[in-house]
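The next block holds one structure in the form of structure tokens; read it before the comments.
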Amino acid sequence: GDKVIPLCLPQCGECSFCLNPESNFCQKSHISEPQNLLPDKTSRFTCKGKQIHHFLWISTFAEYTVVPEYSVAKIDAAAPLEKVCLFGCGFSTGYGAAINTAKVKPGSTCAVFGLGGVGLSVVIGCKVAGAARIIAVDINKDKFAKAKELGATDCINPRDFKKPIQEVLTEMTGQGVDYSFEVIGHADTMIAALASCNMNTGVCVMVGVLDSGSEISIDPMLLLTGRTWKGTMLGGWKMRECLPKLVSSYLEKKFNSDLLITHTLPFAKVNEGFELLRAGK
């Protein structure tokens, strides 16, 4: 009867990463060990008598699932599940990228590349952290109204300029932004995000996921002058202990993640949801 959120990044509480207060990357994660079967190497799913694999140990498109205890967080019984389901990945990742990974400072300037659900969550995080200027960047201008509602101060479309977007951002801010976030998963936008932050003290956070096996080549001068380039995994939260606190913050109205929800579909229309996602809607 408990209300829970399944975690795509587990927290076993025993590995060296879980025991390190500065780390949130459990060594039982899918990057360290396969999660197509449960830790006891069984599958608990069948379809017409045939065995089906698990996905990241959580398999959230199943009506019922079996998960390892350390891949689930118990949350406040008062939380509306159709709203806090966003906290299992998308919202937590973007919000935490700003709050935990970048550690955005009050009065700073931020640029967010990509205004999907995760990018808009970065905007929320930058605003909560007290950023004075939040520049939202996307080629889909239909995203701009929502970005402004969530706290973006400027919205720019790279297709409106004849010069590279990093040059536009540097001109807009004088020295480049204090913090930039790539929330798309393309090599060229990752380099643009890195180049758009201040050459000495700028921090660029990689949130988007590149295709498997991709490589990026960059001019080393981008880093030699002092910039910091970092990645984030689920926004830096130790999920099992932090997720219940995030849900409590939501119930206390510290941020409004409900604005991220554009459509509510029944389970049978899950594929329509993906079509809307791919269409940028």
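Please specify each residue of segment 3-23 satisfying the condition of being within 23 Å of Val84 (Cα to Cα) and either under 17 Å from the mean Cα position of the chain (by Cα) or among the hydrophobic types (A, V, I, L, M, F, W, C) (or both).
Val4, Ile5, Pro6, Leu7, Cys8, Leu9, Pro10, Cys12
If you scan segment 103-137, which residues turn out to be surrounded by fewer than 24 Cβ atoms within 10 Å (Cβ to Cβ) and assigned to a loop (DSSP other than H, G, I, E, B)?
If the condition is that a residue be surrounded by fewer than 24 Cβ atoms within 10 Å (Cβ to Cβ) and assigned to a loop (DSSP other than H, G, I, E, B), then Lys103, Lys105, Pro106, Gly107, Ser108, Gly116, Gly130, Ala132 are the ones that fit.
Inspect segment 150-161 for any residue being in contact with a strand residue (DSSP E or B) (Cβ under 9 Å, 6 or more places away or on another chain), touching a residue at least 12 places away in the same chain (Cβ under 8 Å), small (Gly, Ala, Ser) and closer than 17 Å to Gly114 by Cβ and give the result as yes or no.
Scanning segment 150-161 turns up at least one residue that is in contact with a strand residue (DSSP E or B) (Cβ under 9 Å, 6 or more places away or on another chain), touching a residue at least 12 places away in the same chain (Cβ under 8 Å), small (Gly, Ala, Ser) and closer than 17 Å to Gly114 by Cβ.
Identify all residues within segment 31-45 that are within 23 Å of the chain's Cα centre (by Cα) and open to solvent by less than 30 Å² (accessible area, probe 1.4 Å); write none if there are none.
Gln35
Name every residue in segment 212-253 that is under 30 Å from Gln27 (Cβ atoms), open to solvent by less than 60 Å² (accessible area, probe 1.4 Å), aliphatic (A, V, I, L, M) and free of Cβ contacts under 8 Å to residues at least 60 places away in the same chain, in order of residue number.
Result: Ile216, Ile218.
Return the only residue of Lys48, Lys28 being surrounded by fewer than 14 Cβ atoms within 10 Å (Cβ to Cβ) and not assigned by the TED database to the domain that holds Ala131.
Lys48
Regarding Glu272, is this residue surrounded by 12 or more Cβ atoms within 10 Å (Cβ to Cβ), acidic (Asp, Glu) and touching a residue at least 40 places away in the same chain (Cβ under 8 Å)?
Criteria not met by Glu272.
Open to solvent by 90 Å² or more (accessible area, probe 1.4 Å) and either small (Gly, Ala, Ser) or within 16 Å of Gly116 (Cβ to Cβ) (or both), is that true of Val209?
Yes, satisfied.
Can we say Gln11 is touching a residue at least 24 places away in the same chain (Cβ under 8 Å), among the polar types (S, T, N, Q) and open to solvent by less than 50 Å² (accessible area, probe 1.4 Å)?
The answer is yes for Gln11.
Just one of Leu194, Leu169 is within 22 Å of the chain's Cα centre (by Cα) and among the hydrophobic types (A, V, I, L, M, F, W, C); which is it?
The unique qualifying residue is Leu194.
For segment 169-188, state whether one or more residues are more than 15 Å from Leu222 (Cβ to Cβ), free of Cβ contacts under 8 Å to residues at least 24 places away in the same chain and open to solvent by 30 Å² or more (accessible area, probe 1.4 Å).
yes
Which of the residues spanning segment 172-200 are in contact with a strand residue (DSSP E or B) (Cβ under 8 Å, 6 or more places away or on another chain) and polar (S, T, N, Q)?
Across segment 172-200, the qualifying residues are Thr173, Ser180, Thr189, Ser196, Asn198.
Might you let me know whether segment 61-83 holds any residue that is outside any loop (DSSP other than H, G, I, E, B) and either under 19 Å from Thr173 (Cα atoms) or acidic (Asp, Glu) (or both)?
Scanning segment 61-83 turns up at least one residue that is outside any loop (DSSP other than H, G, I, E, B) and either under 19 Å from Thr173 (Cα atoms) or acidic (Asp, Glu) (or both).
Checking the structure you have, find out if any residue of segment 56-67 is exposed (fewer than 14 other Cβ atoms within 10 Å of the Cβ), under 28 Å from Gly125 (Cβ atoms) and aliphatic (A, V, I, L, M).
no
The values are calculated or read from the model by the stated rules, or taken from the named source; none is laboratory data. Model, not experiment: these values are computed from the prediction. Neighbour counts are summed over all protein chains in view; Cβ atoms, including those assigned to glycine, are modelled from backbone coordinates with ideal geometry. Side chains are part of the model used for accessible areas, which takes the heavy atoms of the whole protein and leaves out ligands, DNA and RNA. Shrake-Rupley method; radii C 1.70, N 1.55, O 1.52, S 1.80 Å.
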